[in-house]
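What follows is one structure encoded as C-alpha coordinates, with my remarks underneath.
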Amino acid sequence: DAGVIQSPRHEVTEMGQEVTLRCKPISGHDYLFWYRQTMMRGLELLIYFNNNVPIDDSGMPEDRFSAKMPNASFSTLKIQPSEPRDSAVYFCASSGTASSSYNEQFFGPGTRLTVL
Amino acid sequence: GNSVTQMEGPVTLSEEAFLTINCTYTATGYPSLFWYVQYPGEGLQLLLKATKADDKGSNKGFEATYRKETTSFHLEKGSVQVSDSAVYFCALTDTGRRALTFGSGTRLQVQP
(Lines give C-alpha, C1' and ligand atoms only; values in the text may rest on other atoms or scores of the structure.)
Protein backbone atom coordinates (compact mmCIF):
# COMPACT_ATOMS: atom_id res chain seq x y z
CA ASP A 1 0.00 0.00 0.00
CA ALA A 2 1.32 3.43 -0.91
CA GLY A 3 0.03 5.07 2.24
CA VAL A 4 -1.55 8.50 2.41
CA ILE A 5 -0.26 10.70 -0.40
CA GLN A 6 -0.09 14.48 -0.13
CA SER A 7 0.93 17.07 -2.68
CA PRO A 8 2.75 19.30 -2.96
CA ARG A 9 5.31 18.53 -0.25
CA HIS A 10 6.40 22.15 -0.11
CA GLU A 11 4.58 25.29 -1.19
CA VAL A 12 5.85 28.85 -1.09
CA THR A 13 3.41 31.56 -2.08
CA GLU A 14 2.77 35.23 -1.60
CA MET A 15 0.12 36.73 0.58
CA GLY A 16 -3.21 36.97 -1.18
CA GLN A 17 -2.65 34.02 -3.48
CA GLU A 18 -4.85 30.93 -3.57
CA VAL A 19 -3.32 27.72 -2.27
CA THR A 20 -4.66 24.21 -2.86
CA LEU A 21 -3.39 21.22 -0.94
CA ARG A 22 -4.23 17.70 -2.08
CA CYS A 23 -4.62 14.36 -0.38
CA LYS A 24 -5.18 10.79 -1.52
CA PRO A 25 -6.20 8.54 1.40
CA ILE A 26 -5.44 4.86 1.75
CA SER A 27 -7.74 2.81 -0.46
CA GLY A 28 -10.73 1.48 1.47
CA HIS A 29 -10.51 4.00 4.28
CA ASP A 30 -13.75 5.84 4.97
CA TYR A 31 -12.47 8.62 7.24
CA LEU A 32 -10.24 11.48 6.13
CA PHE A 33 -8.77 14.15 8.40
CA TRP A 34 -6.95 17.44 7.84
CA TYR A 35 -4.66 18.66 10.64
CA ARG A 36 -2.40 21.68 10.91
CA GLN A 37 0.86 21.84 12.86
CA THR A 38 2.40 25.10 14.06
CA MET A 39 4.91 25.95 16.74
CA MET A 40 2.40 28.12 18.56
CA ARG A 41 -0.67 25.89 18.47
CA GLY A 42 0.78 22.41 17.99
CA LEU A 43 -1.31 19.85 16.12
CA GLU A 44 -4.93 20.76 15.65
CA LEU A 45 -7.82 19.33 13.67
CA LEU A 46 -9.18 21.43 10.85
CA ILE A 47 -11.91 19.17 9.46
CA TYR A 48 -12.77 15.53 8.97
CA PHE A 49 -14.93 13.55 6.57
CA ASN A 50 -16.75 10.24 6.78
CA ASN A 51 -17.75 8.63 3.49
CA ASN A 52 -16.93 11.93 1.73
CA VAL A 53 -19.29 13.93 3.97
CA PRO A 54 -17.86 16.61 6.30
CA ILE A 55 -18.56 15.61 9.90
CA ASP A 56 -16.73 18.23 11.94
CA ASP A 57 -15.36 21.46 10.52
CA SER A 58 -15.17 23.33 13.82
CA GLY A 59 -11.42 23.66 13.47
CA MET A 60 -11.51 25.50 10.16
CA PRO A 61 -10.11 28.92 11.04
CA GLU A 62 -12.34 31.13 8.95
CA ASP A 63 -14.06 31.53 5.63
CA ARG A 64 -10.75 31.70 3.82
CA PHE A 65 -10.40 27.96 4.36
CA SER A 66 -12.47 25.37 2.53
CA ALA A 67 -12.20 21.61 2.13
CA LYS A 68 -13.83 19.20 -0.25
CA MET A 69 -13.93 15.48 -0.80
CA PRO A 70 -15.51 14.84 -4.19
CA ASN A 71 -14.86 11.09 -4.02
CA ALA A 72 -13.40 8.44 -1.76
CA SER A 73 -9.89 8.78 -3.16
CA PHE A 74 -9.31 12.53 -3.20
CA SER A 75 -9.61 15.58 -0.97
CA THR A 76 -8.51 19.19 -1.24
CA LEU A 77 -7.88 21.93 1.29
CA LYS A 78 -8.01 25.40 -0.20
CA ILE A 79 -6.93 28.71 1.29
CA GLN A 80 -8.07 31.85 -0.47
CA PRO A 81 -6.65 34.39 0.06
CA SER A 82 -3.61 33.12 1.92
CA GLU A 83 -1.98 35.07 4.75
CA PRO A 84 1.43 34.76 6.45
CA ARG A 85 -0.22 33.34 9.59
CA ASP A 86 -1.36 30.34 7.52
CA SER A 87 2.26 29.19 7.29
CA ALA A 88 2.32 25.71 8.82
CA VAL A 89 2.63 22.03 8.03
CA TYR A 90 -0.68 20.56 6.91
CA PHE A 91 -1.23 16.86 7.43
CA CYS A 92 -3.81 14.60 5.91
CA ALA A 93 -4.69 11.32 7.63
CA SER A 94 -7.10 8.49 6.95
CA SER A 95 -8.61 5.62 8.88
CA GLY A 96 -10.88 2.70 8.17
CA THR A 97 -13.85 1.48 10.15
CA ALA A 98 -13.75 -2.04 8.88
CA SER A 99 -10.05 -2.79 9.22
CA SER A 100 -8.31 -4.58 12.06
CA SER A 101 -6.58 -1.30 12.88
CA TYR A 102 -9.92 0.34 13.64
CA ASN A 103 -9.54 3.89 14.93
CA GLU A 104 -5.88 4.07 13.93
CA GLN A 105 -5.11 7.06 11.76
CA PHE A 106 -2.42 6.87 9.10
CA PHE A 107 -0.73 10.16 8.31
CA GLY A 108 0.70 11.51 5.11
CA PRO A 109 4.12 13.20 4.99
CA GLY A 110 2.57 16.66 5.18
CA THR A 111 2.68 19.82 3.08
CA ARG A 112 4.90 22.60 4.39
CA LEU A 113 3.25 25.89 3.44
CA THR A 114 5.08 29.19 3.60
CA VAL A 115 3.15 32.37 2.88
CA LEU A 116 5.39 35.38 2.35
CA GLY B 1 -13.94 19.40 26.31
CA ASN B 2 -11.11 16.95 25.75
CA SER B 3 -7.49 17.76 26.38
CA VAL B 4 -4.09 16.09 26.65
CA THR B 5 -1.20 17.35 28.75
CA GLN B 6 2.36 16.19 28.20
CA MET B 7 5.57 16.94 30.02
CA GLU B 8 7.61 19.74 28.54
CA GLY B 9 10.71 18.91 26.57
CA PRO B 10 13.27 18.54 25.38
CA VAL B 11 14.20 15.39 27.22
CA THR B 12 17.88 14.60 26.82
CA LEU B 13 19.13 11.13 27.72
CA SER B 14 22.20 9.04 27.20
CA GLU B 15 21.95 5.85 25.17
CA GLU B 16 20.59 2.90 27.20
CA ALA B 17 18.94 5.18 29.77
CA PHE B 18 15.36 4.64 30.98
CA LEU B 19 12.70 6.84 29.42
CA THR B 20 9.45 8.13 30.86
CA ILE B 21 7.29 10.73 29.16
CA ASN B 22 4.27 11.69 31.21
CA CYS B 23 0.83 12.13 29.69
CA THR B 24 -2.48 12.90 31.36
CA TYR B 25 -5.83 13.47 29.74
CA THR B 26 -9.30 14.86 30.21
CA ALA B 27 -12.18 13.31 28.29
CA THR B 28 -15.95 13.36 28.50
CA GLY B 29 -16.60 9.82 27.27
CA TYR B 30 -14.58 6.62 26.96
CA PRO B 31 -11.42 7.60 25.15
CA SER B 32 -8.93 5.54 23.22
CA LEU B 33 -5.35 6.60 23.88
CA PHE B 34 -2.41 6.77 21.50
CA TRP B 35 1.25 7.61 21.29
CA TYR B 36 2.48 8.90 17.94
CA VAL B 37 6.09 9.56 16.97
CA GLN B 38 7.36 12.14 14.49
CA TYR B 39 10.85 11.88 13.07
CA PRO B 40 12.40 15.02 11.55
CA GLY B 41 10.74 16.04 8.30
CA GLU B 42 8.23 13.22 8.40
CA GLY B 43 4.59 12.65 9.21
CA LEU B 44 3.30 11.02 12.35
CA GLN B 45 3.50 7.28 12.90
CA LEU B 46 1.45 5.37 15.41
CA LEU B 47 3.72 3.96 18.09
CA LEU B 48 1.17 2.24 20.31
CA LYS B 49 -2.41 2.45 21.49
CA ALA B 50 -4.82 1.31 24.20
CA THR B 51 -8.58 1.31 23.88
CA LYS B 52 -9.81 0.63 27.40
CA ALA B 53 -8.77 0.93 31.03
CA ASP B 54 -5.83 -1.23 32.16
CA ASP B 55 -4.87 -2.07 28.56
CA LYS B 56 -1.15 -1.95 27.88
CA GLY B 57 0.05 -0.88 24.48
CA SER B 58 3.54 -1.90 23.39
CA ASN B 59 5.74 -1.63 20.33
CA LYS B 60 9.50 -1.50 19.62
CA GLY B 61 10.32 -1.69 23.32
CA PHE B 62 7.98 1.18 24.23
CA GLU B 63 5.07 0.60 26.61
CA ALA B 64 2.17 2.61 28.02
CA THR B 65 -0.68 1.54 30.32
CA TYR B 66 -4.14 3.12 30.23
CA ARG B 67 -4.78 4.21 33.83
CA LYS B 68 -8.33 5.41 34.24
CA GLU B 69 -7.99 6.14 37.96
CA THR B 70 -5.18 8.62 37.32
CA THR B 71 -6.27 9.57 33.77
CA SER B 72 -2.75 8.86 32.58
CA PHE B 73 -0.97 7.10 29.73
CA HIS B 74 2.75 7.49 30.42
CA LEU B 75 5.22 6.30 27.80
CA GLU B 76 8.19 4.20 28.95
CA LYS B 77 11.16 2.44 27.45
CA GLY B 78 13.78 0.54 29.36
CA SER B 79 16.79 1.36 27.18
CA VAL B 80 16.70 4.15 24.61
CA GLN B 81 18.77 4.30 21.46
CA VAL B 82 20.02 7.23 19.41
CA SER B 83 17.51 6.22 16.74
CA ASP B 84 14.66 6.95 19.20
CA SER B 85 15.39 10.67 18.95
CA ALA B 86 12.12 12.21 17.74
CA VAL B 87 9.06 14.11 18.92
CA TYR B 88 6.47 12.03 20.78
CA PHE B 89 2.78 12.98 20.88
CA CYS B 90 0.18 11.65 23.26
CA ALA B 91 -3.33 11.76 21.81
CA LEU B 92 -6.88 10.57 22.31
CA THR B 93 -10.10 9.98 20.48
CA ASP B 94 -13.35 10.08 22.38
CA THR B 95 -16.73 8.43 22.14
CA GLY B 96 -18.47 9.54 18.98
CA ARG B 97 -15.59 11.65 17.71
CA ARG B 98 -12.94 10.08 15.52
CA ALA B 99 -10.61 13.07 15.36
CA LEU B 100 -7.45 13.02 17.47
CA THR B 101 -6.82 15.52 20.25
CA PHE B 102 -3.07 15.90 20.67
CA GLY B 103 -0.78 16.93 23.45
CA SER B 104 1.88 19.51 22.74
CA GLY B 105 4.57 16.93 21.97
CA THR B 106 7.80 16.06 23.77
CA ARG B 107 11.11 16.17 21.97
CA LEU B 108 13.49 13.35 22.94
CA GLN B 109 17.19 13.64 22.24
CA VAL B 110 19.33 10.58 22.85
CA GLN B 111 23.07 11.09 22.96
CA PRO B 112 25.58 8.32 22.21
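The values are calculated or read from the model by the stated rules, or taken from the named source; none is laboratory data. Quantities reported herein were computed from a predicted structural model and do not represent experimental measurements. Cβ: placed from backbone, ideal geometry, glycine included. Neighbour counts: every protein chain shown. SASA here: full protein model, heavy atoms, side chains in, ligands and nucleic acids out. Shrake-Rupley method; radii C 1.70, N 1.55, O 1.52, S 1.80 Å.
Eigen-decomposition of the gyration tensor built on the alpha-carbon atoms of region B:1-56 gives equivalent ellipsoid semi-axes of 23, 14, 13 angstrom, largest listed first. Based on the Stokes-Einstein relation at 37 °C and a viscosity of 0.692 mPa s, and on the Kirkwood radius from alpha carbon pairs, the protein assembly as shown is assigned a translational diffusion coefficient of 181 µm²/s.
Do me a favour and compute the ellipsoid semi-axes for chain A from its Cα gyration tensor, root of five times each eigenvalue, largest one first, whole Å. Over the Cα atoms of chain A, the ellipsoid semi-axes are 24, 14, 13 Å.
The smallest convex shape that holds all Cα atoms of chain B, its convex hull, gives 92 Å³ per residue.
Entry comment: accessible area of chain A is 50 Å² per residue, from protein heavy atoms only and a probe of 1.4 Å.
For B:TYR66, B:TYR39, what's the largest-to-smallest order of accessible area, 1.4 Å probe?
On the way: B:TYR66 10, B:TYR39 55 Å².
Heavy-atom accessible area, descending, gives B:TYR39, B:TYR66.
Backbone amide hydrogens, once placed in the peptide plane, bring B:LEU13 within less than 5 Å of B:GLN109, B:VAL110, B:GLN111, excluding anything fewer than 5 places away on its chain.
Within the protein assembly as shown, no Cys is without another Cys Cβ under 4.7 Å of its Cβ, so every one has a disulfide-compatible partner by this rule.
Annotation: lysines with alpha-carbon distance below 27 angstrom to B:LYS77 (same-chain offsets under eight excluded): B:LYS49, B:LYS52, B:LYS56, B:LYS60, B:LYS68. What chain B shows is 47 Å² of accessible area per residue, with the surface traced by a 1.4 Å probe over protein heavy atoms.
Amide H contacts of A:VAL4 (H built 1.01 Å from N, in plane; Pro and chain starts excluded): no residue 5 or more places away or on another chain comes under 5 Å.
Apolar share of the accessible surface for the protein assembly as shown: 49 percent from carbon plus sulfur atoms, 1.4 Å probe.
Total buried accessible area between B and A, probe 1.4 Å, nearest 100: 1600 Å².
A straight line joining the Cα centroids of region A:1-19 and region B:59-112 runs 28 Å. Label zone (B:THR28, point 7 Å along Cα-to-C-beta; backbone nitrogen cut-off 11 Å) within region B:96-112: B:96-97. Going toward the positive end of the dipole of the protein assembly as shown, with +1 on Lys and Arg Cβ and -1 on Asp and Glu Cβ, which of B:ALA27, B:THR5, A:TYR31 do you reach last? Comparing the listed Cα positions along the dipole, A:TYR31 ranks first. The H on the amide N of A:ILE47, modeled in the peptide plane, is under 5 Å from the matching H of A:TRP34, each at least 5 residues off or on a different chain.
Applying both filters, DSSP loop and at most 14 other Cβ atoms within 10 Å, to the trypsin sites (Lys or Arg not before Pro) of region A:1-57 gives A:ARG9, A:ARG41.
Sequence-ordered 3J(HN,Hα) estimates for region B:78-86 from the Karplus curve with 6.51, -1.76 and 1.60 and θ = phi - 60° stand at x, 8, 7, 10, 4, 5, 7, 4, 4 Hz, glycine and proline given as x.
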